[in-house]
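Have a look at the structure below, then the notes.
A short reminder: the numbers here are calculations on the coordinates, not readings from a lab. Just so we're clear, the structure is a prediction, and the values are computed from it rather than from any experiment. Because the Cβ atoms are built from the backbone with ideal geometry, glycine has one as well, and the counts that use them run over all protein chains shown.
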Amino acid sequence: NAGVTQTPKFQVLKTGQSMTLQCAQDMNHEYMSWYRQDPGMGLRLIHYSVGAGITDQGEVPNGYNVSRSTTEDFPLRLLSAAPSQTSVYFCASSTTGTSAYNEQFFGPGTRLTVL
Amino acid sequence: AQRVTQPEKLLSVFKGAPVELKCNYSYSGSPELFWYVQYSRQRLQLLLRHISRESIKGFTADLNKGETSFHLKKPFAQEEDSAMYYCALSPISTDKLIFGTGTRLQVFP
């Protein structure tokens, strides 16, 4: 099993450009989520999904879109990148959610720089 | 508001010394709490959760509802414990995980 995979590993964008961060998992997990990690701020939840066709907003959703057409994939879209979106992005998945019985499995991260 | 506070950005100790990484939470219900760890060049991974009440890699964490704390402890630190540690809270029935800002633990030889 590859677990949770993310592509690309690194990306540099110019302000206003759009891009999609890819996330996939091969563990048949229902729950998937996106976080951004910024110095001094820890991980903050951007969007999450409890199953195919279902998404919801996290703590910092503005500027990001998601969709969940399959169980395996959960792409994160930046429609018009801004320097404030410079961050490290982590995708995570778990069996059914965030309860005490669920362990979150994290991807390796994507380091995004917006100039 | 639901919040997790880790007051120390950096904790430095010598090998063999006791370690306590502090975590306080703000939540009115019964909390579901976790410690996640990120070793250098590795993925973020679960270290332990409050329901398991077990010791992982020598670490333990006890939920203290009166003090709203979930501090992570280890009696004798090892160099391989050097990592970034995050405390996280999952409010009941929200499907959200709230992380603290993290504490970097440095264990010197």
Being within 12 Å of chain A (Cβ to nearest Cβ), in contact with a Ser or Thr (Cβ under 8 Å, 6 or more places away or on another chain), crowded, with 18+ Cβ neighbours inside 10 Å and in contact (Cβ under 8 Å) with a residue 24 or more places away in the chain: is that true of B:Gln6 here?
yes
In region A:71-90, what residues are assigned to a strand (DSSP E or B) and either facing chain B (nearest Cβ under 8 Å) or farther than 15 Å from A:Pro39 by Cα (or both)?
A:Asp73, A:Leu76, A:Arg77, A:Leu78, A:Phe90
Exactly one of A:Gly51, A:Gly40 is without any contact (Cβ under 8 Å) to a residue 12 or more places away in the chain, of a type in the set (Gly, Ala, Ser) and in contact with a Lys or Arg (Cβ under 8 Å, 6 or more places away or on another chain), and that residue is A:Gly40
Just name the residue that is farthest from B:Thr5 (Cα to Cα) out of those in region A:32-66 that are more than 11 Å from chain B (Cβ to nearest Cβ) and surrounded by fewer than 16 Cβ atoms within 10 Å (Cβ to Cβ).
A:Gly53
Within region A:1-22, residues within 13 Å of another protein chain (Cβ to nearest Cβ), on the phi < 0 side of the Ramachandran plot and in contact with a Phe, Trp or Tyr (Cβ under 7 Å, 6 or more places away or on another chain) come out as A:Val4
Which residues, taken from region B:28-45, are under 10 Å from the mean Cα position of the chain (by Cα) and not aromatic (Phe, Trp, Tyr)?
B:Leu33, B:Val37
Checking the structure you have, find out if any residue of region A:91-110 is farther than 19 Å from B:Trp35 by Cα and in a strand (DSSP E or B).
yes
Could you check region B:24-109 for strands (runs of 3 or more DSSP E) lying wholly inside it with 2 or more residues that are more than 12 Å from every other protein chain (Cβ to nearest Cβ)?
B:24-26, B:72-74, B:103-108
From B:Ser52, B:Ser12, B:Ser90, B:Ser69, grab the single residue that is in contact (Cβ under 8 Å) with a residue 12 or more places away in the chain and either surrounded by fewer than 17 Cβ atoms within 10 Å (Cβ to Cβ) or touching a helix residue (DSSP H, G or I) at 6+ places or on another chain (Cβ under 8 Å) (or both).
B:Ser12
